[in-house]
Amino acid sequence: MRLKLSPLEPLAYTCSTFIVTEDSRGIRQWDGLELARTEERLRLKPDDFPIRFVPIAVSPELLELATIRGRCEWLEANHSSASSAFVLDRDRPELAIAIPAAASNASFDFDVLSVEGDRSLHLGPFSAEPLLLGLHLFPEYGPQQISIELAEAASPSLVAIDLLPENREEMAEAVTVLALTRNQSKKSWSYLASSPFYPGFRYRKHAGADGSPEPWSEIQSPFERLVLDA
């Protein structure tokens, strides 16, 4: 719109913004407040819109391993809930989530799916603030320390076991041999989980000089102590 003013007439006008979004309640238009302005060139900032934009990004290291399915949920002025779903992957490593300015209790939840599609983890809830998703958020990733001990009723005076991280192949350099005795019945073992989808470990009774190894155990949790009965 072109306005014609007399030389003595000051420039003064009002403007308002609107934005159209799609969420769990459908496609909706949000109207902003009327703003009084006097400048010749109208410059709009994010705060001038009736929506709050919250940026989310995923680190390249996590995107090598996973696709993230996110959900933002909030309460509206009438205390009803609404939500918005989104996907972050290698083709779309970052975005800005639009949340109504009048919303409250906004939060993020994430389902993190392995690129193979066979494993998943959950992150959240997080407050709806700018967020970088990375491997550092997963307790399953990185250095793990396991407490290992002999059960009180265990009869052998010496127990030796082989230990192997979940995602390591069975090679001599990957297997740790640990021995426990009655005088030293508790020990700890540390290893590195290179993927949050494979944080566990396996163990088996160590084979003697003339024996063959026993089968490996089921995958064990890194967040529980290992108690050996024999």
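The values are calculated or read from the model by the stated rules, or taken from the named source; none is laboratory data. Just so it is clear, the structure is predicted and the values come from calculations on it, not from any experiment. Because the Cβ atoms are built from the backbone with ideal geometry, glycine has one as well, and the counts that use them run over all protein chains shown. The accessibility values were calculated without ligands, DNA or RNA, using every heavy atom of the protein model including side chains. Shrake-Rupley method; radii C 1.70, N 1.55, O 1.52, S 1.80 Å.
Would you calculate the separation in nanometres between label points at His79 and Leu132, each defined as 7 Å from the Cα along the Cα-to-beta-carbon direction?
For His79 paired with Leu132, the spin-label model returns 4.0 nm.
Can you compute the FRET efficiency between Glu214 and Val115 using 1/(1 + (r/R0)^6), with r the Cβ-Cβ distance and R0 = 35 Å? Round to the nearest 0.05. Mind showing how you got there, number by number?
Working: r = 33 Å, r/R0 = 0.95.
Efficiency, from the Cβ-Cβ distance: 0.55.
Give the lysines reachable from Lys45 as a straight Cα distance under 29 Å; neighbours fewer than 8 places away on the same chain don't count.
Lys45 reaches Lys4.
Give the residue from Trp74, Trp30, Leu63 lying farthest towards the positive end of the charge dipole for region 1-81; charges sit on Cβ (+1 for Lys and Arg, -1 for Asp and Glu) and the dipole is referred to the Cα centre.
Checked the options; the winner is Trp30.
Multiplying the sequence separation of Ala12 and Asp31 by 0.36 nm and subtracting their Cα-Cα distance, what value in nm do you get? Each step should come with its number before you reach the end.
Values: separation 19, 0.36 × 19 = 6.84 nm, distance 2.11 nm.
Net length gain for the segment: 4.7 nm.
So what is the 222 nm mean residue ellipticity for the chain from helices alone, if each DSSP H run of at least 4 adds -39500 (n - 2.57) and you divide by all residues, rounding to the nearest 500 deg cm²/dmol?
Values: 1 runs with 4 residues, N = 230.
Counting only the DSSP helices, I get 0 deg cm²/dmol.
At 1.4 Å probe radius, can you tell me the per residue accessible area of region 158-230 in Å²? Walk me through the numbers before you get to the answer.
Working: 4410 Å² over 73 residues.
On a per-residue basis, region 158-230 sits at 60 Å².
So how compact is the chain: Cα radius of gyration and Dmax in angstrom?
So, for the chain, Rg and Dmax equal 28.8, 106 Å respectively.
Amide H of Glu166: which non-local residues (sequence gap of 5 or more, or other chain) have their own amide H closer than 5 Å, using H built in the peptide plane?
Gly200, Phe201, Arg202
Using the Cα centre of region 72-163 as the reference point, and only Cβ charges (+1 on K/R, -1 on D/E), how large is the resulting charge dipole? Debye, rounded to the nearest 20. Before the final figure, lay out each step's value.
Details: 3 positive and 14 negative charges, 41 e Å.
Here the size comes out at about 200 debye.
When DSSP beta bridges are limited to those with both residues in the chain, what percentage is antiparallel, rounded to the nearest 5? Provide the component values of the computation, followed by the final result.
On the way: 60 of 66 bridges.
Given both bridge residues lie in the chain, the antiparallel proportion sits at roughly 90 percent.
What lysines does Lys205 reach when the alpha-carbon gap must be under 24 Å and sequence neighbours fewer than 8 apart in one chain are set aside?
Cross-link targets: Lys186, Lys187.
In whole Hz, what ³J(HN,Hα) sequence does region 2-13 give by Karplus (6.51, -1.76, 1.60; θ = phi - 60°), x for Gly and Pro?
Each residue of region 2-13 in turn: 9, 9, 10, 10, 6, x, 9, 8, x, 7, 8, 7 Hz.
How large is the dipole of the chain about the Cα centre if only Lys and Arg carry +1 and Asp and Glu carry -1, each at its Cβ, rounded to the nearest 20 debye? Numbers along the way, then the final one.
Working: 22 positive and 34 negative charges, 114 e Å.
The calculation lands at about 540 debye.
How would region 128-186 be classified by its alpha-carbon gyration tensor: rounded, prolate or oblate, with rounded meaning a/c under 1.5 and the a/b versus b/c comparison settling the rest?
Values: a/c = 4.82, a/b = 2.06, b/c = 2.34.
In terms of gyration-tensor shape, oblate.
What list of ³J(HN,Hα) couplings, whole Hz, do you get for region 72-89 from phi and the Karplus terms 6.51, -1.76, 1.60, once you set θ to phi - 60° and write x for glycine and proline?
Working through the residues one at a time gives 10, 10, 8, 9, 8, 4, 8, 6, 7, 9, 9, 8, 9, 9, 7, 10, 10, 8 Hz.
Cα centroid distance between region 110-127 and region 165-218, in Å?
What the calculation gives is 28 Å, centre to centre.
Using the beta-carbon distance between Ala101 and Thr38 and R0 = 30 Å, what value does 1/(1 + (r/R0)^6) give for FRET efficiency, to the nearest 0.05? Don't jump to the answer; show the numbers that get you there.
On the way: r = 24 Å, r/R0 = 0.80.
Efficiency, rounded to the nearest 0.05: 0.80.
Each residue of region 168-183 in turn: what ³J(HN,Hα) in whole Hz from Karplus with 6.51, -1.76, 1.60 and θ = phi - 60°, glycine and Pro shown as x?
9, 6, 6, 10, 4, 6, 8, 8, 9, 9, 10, 10, 10, 10, 4, 7
By its C-alpha gyration tensor, with a ≥ b ≥ c as the square roots of the eigenvalues, how is region 170-229 shaped: rounded for a/c under 1.5, else prolate for a/b larger than b/c, else oblate? Walk me through the numbers before you get to the answer.
Numbers: a/c = 1.86, a/b = 1.25, b/c = 1.49.
Taking the square roots of the gyration eigenvalues as a ≥ b ≥ c, region 170-229 is oblate.
Would you mind checking which residues have amide H under 5 Å from Arg52's amide H? H placed 1.01 Å from N; only 5 or more apart, or other chain.
The answer is Ile99, Ala101.
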